[in-house]
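The values are calculated or read from the model by the stated rules, or taken from the named source; none is laboratory data. Just so it is clear, the structure is predicted and the values come from calculations on it, not from any experiment. Heads up, the Cβs are rebuilt from the backbone with ideal geometry, glycines too, and the neighbour counts pull from every protein chain shown.
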């Protein structure tokens, strides 16, 4: 088996590190300074941070200056997410100094623009696939049907593959932050449908889940974003790193 890249999540809202359950703002728990949180993960051996501006994602503001400071301070790579759905938000994200951008699922409302971005920036672009069942469900704002199931996941995946998308971040909305385990069936089906690497997001609740995700690296699961389980102290990042790289 290949090693599994772990990306601890730092979600930022109103200047605080927070965690949501199933992407719902009302289900918010606060965890203090995003910078201190990210530095702790760096100290524990993380090579990547998955950094999310929730205010940008939900249209309630921006944490850009703080996020830029976090990226500038860290010595490790950052995958930046949250509301990156059009040219202006993309340019702002690129200027932050992050290593990689996770395009919002709502960006897929304009597939021509998404294809242009993939072609221009290559490996710096991952496409976020927020899914309910087997259909895409854009969270936050930015499209008229936000939070409603819309395009078929696999039809959209085929179109993105043809454009050369370098990587996908798959989130089962119903498991995100719920500590119920990842959707392994969906992960297997997605990996079977694309040759691009997949980063799993949502649902990790135990070390056993990390072990199970590691077992999928040979079929295309490249990494895993872990959030709530770390903040709830179900296990430490160092423990997760140990089983992800054995």
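A few comments on the model shown:
- Top-ranked residue in region 236-246 [being out of contact with any strand residue (DSSP E or B) (no Cβ under 9 Å at 6 or more places or on another chain) and modelled with pLDDT of 95 or more; ranked as surrounded by the most Cβ atoms within 10 Å (Cβ to Cβ)]: 243
- Evaluation of residue 180 against (1) buried (at least 19 other Cβ atoms within 10 Å of the Cβ); (2) modelled with pLDDT under 95 (one fails), failing number: (1)
- For region 39-92, the set of residues classified as over 21 Å from residue 238 (Cβ atoms) and without any contact (Cβ under 8 Å) to a residue 12 or more places away in the chain consists of 62, 65, 88, 91, listed by residue number.
- Taking the criterion of being surrounded by 24 or more Cβ atoms within 10 Å (Cβ to Cβ) and closer than 30 Å to residue 219 by Cβ, the residues of region 10-20 that qualify are 10, 11.
- Scanning region 195-234 for residues that are touching a strand residue (DSSP E or B) at 6+ places or on another chain (Cβ under 9 Å), buried (at least 19 other Cβ atoms within 10 Å of the Cβ), assigned to a loop (DSSP other than H, G, I, E, B) and at negative phi gives 196, 204, 216, 227.
- Picking from residues in region 156-173 that are within 19 Å of residue 217 (Cβ to Cβ) and out of contact with any helix residue (DSSP H, G or I) (no Cβ under 8 Å at 6 or more places or on another chain), the one that is surrounded by the fewest Cβ atoms within 10 Å (Cβ to Cβ) is 169.
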